[in-house]
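The values are calculated or read from the model by the stated rules, or taken from the named source; none is laboratory data. Everything quoted here is computed from the prediction, not taken from an experiment. A quick note on method: Cβ atoms are made from the backbone with ideal geometry, for glycine too, and the neighbour counts reach across all protein chains shown. Heavy atoms of the whole protein, side chains included, go into the accessibility calculation; ligands, DNA and RNA do not. Shrake-Rupley method; radii C 1.70, N 1.55, O 1.52, S 1.80 Å.
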Amino acid sequence: MTHPLIITCAITGAETTKERQPHLPITPQEQAAAAEEAVKAGASIIHLHVREDDGKPTQRVERFEESIRAIRKRVPEVIIQISTGGAIGESVENRSKPLSLKPEMASLNLGTMNFGDDIFYNHPRDIVGLASRMHQMHVMPELEIYETGMLESSFRLAKQGILREPLHFQFVLGVPGGMSGDPRNLVHLVSLLHSPLHSTLSSTDFHWGVAGIGRYQLPLAIQAMVMGGHVRVGFEDNIFYHKGEIAKSNAQLVERISRIAGELGREVATPAQARKMLGISPSHI
């Protein structure tokens with residue numbers, strides 16, 4: 001039997017602007033309202049970047065704390081996953097600071113890459129440092145994989161004991177500079193998870209999901225659901241509902257995935273089910 005579908009909603013991101021997406025939640029209260037709507041629509045994880053009131057992305061701990069507190073007040077059951085990626089160009093020192101809040105989950109990027117017209121820098125020592133700090137603080141890393149080399153790196157780090165099971169992979173496909181959202185790319189990445197030549201993981205040691213960027217969001221989400229994976233949607237990755245039609249809310253994108261999952265016979269996980277599947281203690285609630 002296929003396990004329930006975990007839906008992550010990336011409600012804000014670091015690059016999306018109010019000019020392009022007027023409904024983008026910026027303030028802690030806006031983010032809390034967006035998170036509540038997304039959870040009601042079927043999301044069990046909120047992937048969280050924060051902004052200052054003027055819309056500028058920030059890794060300021062106090063701002064994360066404000067948003068987390070506001071979200072917890074409205075939806076105490078949801079899993080909050082903070083970003084340690086921040087905005088492109090942010091120092092790793094600042095990117096790591098919100099880990100002091102000891103969230104349940106945090107993103108961990110596995111390599112340096114061209115990211116559109118910029119460079120997303122992740123030195124190997126910084127990856128190890130972030131992974132070690134997450135382990136010390138009992139924060140579950142979500143392993144952000146933009147291309148095959150990053151997946152290979154995660155296998156090496158797991159073999160060295162730097163990454164510890166269970167592992168949760170997020171395939172981010174469609175960023176210019178990384179792998180595109182071609183369906184064959186997702187099939188290839190998932191096949192490596194099961195290859196004895198590349199991994200010693202058993203089926204109980206890991207979970208995987210996909211975040212399709214822009215026009216790839218919906219087709220990759222459907223593909224992942226059919227293949228037994230999980231799904232991320234939200235304004236960080238895609239601002240449209242249909243081509244040329246701006247989405248009205250993050251919840252609208254989540255609701256569509258929940259509806260399609262129902263048509264496919266795939267149960268949508270509650271936050272409690274997601275915690276159990278991922279091996280996360282509910283001590284943060």
Nitroxide proxy distance, nm - points 7 Å out along Cα→Cβ at Lys276 and Glu62:
4.1 nm
Calculate, for segment 125-201, the solvent-accessible area per residue in square angstrom, rolling a 1.4 angstrom probe over the heavy atoms of the protein chains.
46 Å²
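Suppose we take every Cα in the chain and form the convex hull; what volume per residue is that in Å³? All intermediate terms of the calculation are to be shown ahead of the outcome.
Working: hull volume 32.8 nm³, N = 285.
Enclosed volume per residue, from the Cα hull, is 115 Å³.
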Could you state how much accessible area Val128 has, in square angstrom rounded to the nearest 10, with a 1.4 Å probe and all protein chains kept in place?
50 Å²
Near the amide H of Ile246, under 5 Å away, which other amide H atoms are found, from residues 5 or more places off or on another chain, if H is placed in the peptide plane?
Tyr241
Placing unit charges on C-beta atoms (Lys and Arg positive, Asp and Glu negative, everything else neutral), compute the dipole magnitude of segment 117-244 about its Cα centre in debye, rounded to 20.
200 debye
For the chain, compute the number of Lys pairs whose alpha carbons are separated by less than 21 Å, excluding pairs fewer than 8 positions apart on the same chain.
9
Determine the sum of side-chain charges near Gly177: Lys and Arg each +1, Asp and Glu each -1, restricted to other residues whose C-beta is under 12 angstrom from that of Gly177.
-3
With an 8 Å Cα cut-off and a minimum separation of 6 or more residues, compute the relative contact order for segment 1-134 in percent.
21 percent
P(r) of segment 1-107 over all Cα-Cα pairs, binned every 5 Å from zero, in whole percent
2, 13, 25, 25, 19, 10, 4, 2, 1, 0
Return the distance in nm (one decimal) between the two label points of a simple spin-label model at Val187 and Thr17, each offset 7 Å from Cα along Cα→Cβ.
3.9 nm
In sequence order, calculated HN-Hα J values of segment 38-46 (Karplus, 6.51, -1.76, 1.60; Hz; x Gly/Pro)
5, 5, 4, 7, x, 6, 10, 10, 10
So, with a 1.4 angstrom probe, what is the percent of accessible area on segment 234-285 that is carbon and sulfur?
55 percent
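Ordering Arg69, Arg275 from largest to smallest accessible area (1.4 angstrom probe), what's the sequence?
Details: Arg69 140, Arg275 15 Å².
In descending accessible area the options line up as Arg69, Arg275.
If you take every residue apart from Ser132 with its C-beta less than 12 Å away from the C-beta of Ser132, what net charge results, scoring Lys and Arg +1 and Asp and Glu -1? Show your work: numbers first, answer last.
Values: positive: Arg125, Arg133, Arg164; negative: Asp126.
Charge balance near Ser132 sits at +2.
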Around Thr2 (Cβ within 15 Å, Cβ-to-Cβ, excluding Thr2; K/R +1, D/E -1) the net charge comes to -1
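Give the Rg/Rh ratio for segment 74-221, taking Rg as the radius of gyration of the Cα atoms and Rh as the Kirkwood radius, to two decimals.
Using Cα coordinates only, the ratio equals 0.95.
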